[in-house]
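See structure below.
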Amino acid sequence: MTVRHVCPLCEATCGLELTLDGDRVVSVRGDADDVFSKGFVCPKGVAIGDLHHDPARLRAPLVRVDGELREATWDEAFDRIREGLRTVIGESGPNAVALYLGNPNSHNVTSTFYLPALVRALATRYRFSASTVDQMPQQVALGLMYGTELSVPVPDIDRTDLFVVIGGNPLVSNGSLMTVPDMPGRVRALRARGGRMIVVDPVRTRTAAAADEHLAIRPGTDVLLLAAMVNVLFAEGLVTMGAAEPWVRQEEVFRVGELLSAFTPEAVSDPTGLSASAIVTLAREVATAESAAVYGRMGTSTSALNVAGEPTSFGTLASWLIALLNLLTGNLDRPGGVMFPLPPAGGPTTFGEPGRGRGVRIPGSQRTRVRGLPSALGEFPVAALAEEIDTPDPDTGERVRALITVAGNPVVSTPDADRLELALGELDLLICLDAYVTETSRHADVILPAPSPLARDHYDVVFASLAVRNTARWSPAVFPLGETERDEGETLLRLAAIAASVVNGVPEPTVEQMDDLVAFEVARRVGDPAELLAAVAPRRGVPRLLDLSLRGGPYADLDLAALEAAPAGVDLGPLTARMPEVLRTPTGRIEVFPEPIVDEIARLVDALPRVSVPDLALVGRRQLRTNNSWLRTLPRLAGGSSRATLQVHPDDAERAGVGAKAVAVLTSDSGSVEVVVEVTDAVRPGVVCLPHGWSQADAWTADATRGPNVNVLTPATGMDPLSGTAVLNAVPVTLTAR
Ligand SMILES: Nc1nc2c(c(=O)[nH]1)N[C@H]1C(S)=C(S)[C@@H](COP(=O)(O)OP(=O)(O)OC[C@H]3O[C@@H](n4cnc5c(=O)[nH]c(N)nc54)[C@H](O)[C@@H]3O)O[C@H]1N2
Ligand SMILES: Nc1nc2c(c(=O)[nH]1)N[C@H]1C(S)=C(S)[C@@H](COP(=O)(O)OP(=O)(O)OC[C@H]3O[C@@H](n4cnc5c(=O)[nH]c(N)nc54)[C@H](O)[C@@H]3O)O[C@H]1N2
Ligand code: SF4
Ligand SMILES: [Mo]
């Protein structure tokens, strides 16, 4: 028997076709009929059966007894959690509990709908997520300009004439903040129709190698390159606003030109390592192409400019400059440029009054206790998590005493990892909702198991706001839950009910009551709740919430029944122009030059004469057969091409006296790890490259899947001031033979 299911393992959202034999997955391939992915699949998707059958995947709760994690019943686990939260919140209040939300939540429709209930019930200001080691600068920059945290114009890759990739490797990552199944095929098609791809990356990645042109920039200096490119647009009279013109204030545009005047191609040539003429040419190409899409990713949001020897992030400024390049060249909201998707189940850009909204406020209203760091879009920088645990207030003793992680592994994925791991030992309570015993969850008091992705319904609520084509696909669960497993929605609602009861001193609501409450909220957001709720009866759980969202969404006649009748998905066509209804700014205009950006430009002007070039700068890489910190242990993914080697340029290897396969020591201001050297000229001189997601812990890793934890080396300082996002790339390091 074969069944279809959309892969929830990365942002590409490929349709899978699974061949089953009873309760076993026999084989997996790309679903050729899928309206979006048309048969594309990668090694991780093919391994989804391994994930489902993985004996190491948790099937029952684990509770710590006499120092050991032991299997327990759900009631025992929830009793322990109830008791722990009562103590911590009773003695120290809700802000003594922190929450960390990891990456897989955005791929999980259950979390999308039910996590907000837990967040609200906990009522803590200590909210952290993987966003501040990832895309938050882009969300902040675009949110300020267009009004919401998901106002992301994505490259119209299927129609563009020029695709400029800055600090992204979509042929390996399969795209991010750009949901694009079959990136390799789409790049081939781009070139076949005479389009071009230019990649700016210190490493000759797979994407760079496939490009028409590769500019091997010095890490961290993109913000200078981008400022110079915008400068060229003004200097050469290349600014044209196109369709966006009526929604832009000319005086703001003029002011941008003035404030960036210091960043001439000549002034940034030295630090970026690119010739002034290459910078001018790139800017002209973007401005004069029939259509162009400039796209930045991890290398622009999590990289650091080294200023007087200190790595310092300008992530939001760089992200704003990328948005500006698209806007000022007339490429916003036009085919082949960057466009706003129209998500079928709705999203921040479809909710509320069209064309106007509350906008986003940066900095946020909260401050961390220890360093006084501001919140952004409702959360704190995760680089500040460890200190909020391990540094009690000298007078009051106040600190974070309990941590709840949902689908996250911060010990491997966040900066200054050694300190965080030690800090976890100082918690009074650690609760992890995870599929595995990990480097993080092995310290837990309670681990609540997340079920297999094949045992849950799937629909991409979040990624529909980022997709290069509008589609809608519904994947019902392939398998039932195992005997001791529970639906993650139920688990989240139970946690929310416990939190609500402990925080407010009220009786604990039932999961059914919580579910009804969530359904009412979802219905109220998009229409008349009574009418909508009646229409979707008797559905409950995720199907009810999704049906409500689709019915209240932007496509007439699209409901869950329509998706159920179309197992390969419903194609809603290429992206279409959405200006101005997509805007949610208070003015109803594009905020070309948001106030917080002014200070950031001043900071960059100030930094320019003090930019330093580290002898050796560390950058990261993603690998086809790993997914952040997990999946690399599955039989089909372990081994092969994914090895956690340190890539070193031959000149730097010689200088350090290390040869190929040598074990060497890599040291930064934050820590030191042992690495295995791979000598290659794929990295530019002065740059070394190590993947993230690996660790030496024996938590869940067989020997072959161990490697250095790169985040032992990344700093918990130098974060992007506006978004709180950490520095993960362009970290100064030294390499020595062991
Ligand atoms: N140095 C460096 N560090 C980085 C990066 C980098 O490029 N360089 N990248 C950063 C980025 S972009 C990201 S997104 C973060 C990721 O950071 P995290 O989200 O903290 O880490 P993941 O490795 O994605 O961990 C996901 C965890 O969720 C569990 N899990 C999987 N599916 C489910 C599920 O359905 N439910 C539940 N409850 N749990 C589940 C897995 O077992 C795993 O333990 O790492 C960041 N860290
Ligand atoms: N196979 C696989 N796919 C994944 C993941 C995975 O772990 N494995 N993770 C997923 C997640 S959570 C995310 S967020 C996405 C990320 O998707 P991408 O951002 O496309 O992936 P990265 O490999 O981090 O690409 C960042 C690139 O930036 C370059 N770089 C580093 N520093 C700089 C710099 O200062 N300037 C410039 N110009 N470039 C720089 C790096 O060399 C690298 O090629 O991938 C997703 N897809
Ligand atoms: S590219 Fe991403 S969505 Fe597609 S099969 Fe691979 S992991 Fe799954
Ligand atoms: Mo990510």
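A short reminder: the numbers here are calculations on the coordinates, not readings from a lab. Only a predicted model underlies this, so the values are computations on that prediction, with no experimental measurement involved. Cβ placement follows ideal geometry from the backbone for every residue including glycine, while neighbour counts extend to all protein chains displayed.
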Quote the charge dipole size of the stretch 2-53 about the Cα centre in Debye, to the nearest 20; the model charges only the Cβ of Lys and Arg (+1) and of Asp and Glu (-1).
80 debye
Using the per-residue mean of other Cβ atoms lying within 10 Å as a proxy for protection, in what order, highest first, do the peptides 608-618, 64-74 fall?
608-618, 64-74
Once both labels are modelled 7 Å past Cα along the beta-carbon direction, what's the residue 193-residue 361 spacing in nm?
4.4 nm
Report, in debye and to the nearest 20, how large the dipole of the chain comes out about its Cα centre when Lys and Arg carry +1 and Asp and Glu carry -1 on their Cβ.
1020 debye
Need the full-extension length gain, residue 510 to residue 576, defined as separation in residues times 0.36 nm minus the C-alpha distance. One decimal, nm.
19.4 nm
Highest average packing first - 30-36, 648-654, Cβ atoms within 10 Å
30-36, 648-654
Once you sort the root eigenvalues of the Cα gyration tensor of the stretch 2-53 as a ≥ b ≥ c, which label holds: rounded (a/c under 1.5), prolate (a/b larger than b/c) or oblate (the other case)?
oblate
With the contact rule set at Cα under 8 Å and sequence spacing of 6 or more, what percent relative contact order holds for the stretch 2-53?
30 percent
Which of 413, 354, 504 sits closest to the plus end of the dipole of the chain, meaning its Cα is farthest towards the positive end, when Lys and Arg get +1 and Asp and Glu get -1 on the C-beta?
354
Calculated from DSSP helices alone, with each H run of at least 4 adding -39500 (n - 2.57) and the total divided by the residues of the chain, [θ]222 nm to the nearest 500 comes to -9000 deg cm²/dmol
Can you give the FRET efficiency to the nearest 0.05 for residue 32 and residue 391, using r as the Cβ-Cβ distance and R₀ = 41 Å?
0.15
Along Cα→Cβ, 7 Å out, is where each label goes; now give me the distance between the ones at residue 534 and residue 120 in nm to one decimal.
2.4 nm
Positive-end residue of 373, 228, 345, charge dipole of the chain with Cβ unit charges:
228
Whether the stretch 165-215 is rounded, prolate or oblate, judged on the alpha carbon gyration tensor where a/c under 1.5 counts as rounded:
oblate
What order do you get for 713-726, 620-633, 279-292 when each peptide is scored by the mean count of other beta carbon atoms within 10 Å, highest first?
713-726, 620-633, 279-292
If Lys and Arg each add +1 and Asp and Glu each add -1, what is the summed charge of the other residues whose beta carbon sits under 11 Å from the beta carbon of residue 202?
+2
For the stretch 147-257, with only Lys/Arg (+1) and Asp/Glu (-1) charged at the beta-carbon, what is the dipole magnitude about the Cα centre, in debye rounded to 20?
400 debye
Per 20 Å bin from zero, what fraction in whole % of the C-alpha pairs of the chain is there, up to the bin with the longest pair?
17, 54, 28, 1
Answer rounded, prolate or oblate for the stretch 470-625, using the Cα gyration tensor with square roots of eigenvalues a ≥ b ≥ c: rounded when a/c is under 1.5, else prolate when a/b is larger than b/c, else oblate.
prolate
Ordered by residue, what ³J(HN,Hα) values in Hz, to whole numbers, does the stretch 243-249 give under the Karplus form 6.51 cos²θ - 1.76 cosθ + 1.60, where θ = phi - 60° and Gly and Pro are x?
4, 7, 2, x, 9, 10, 8
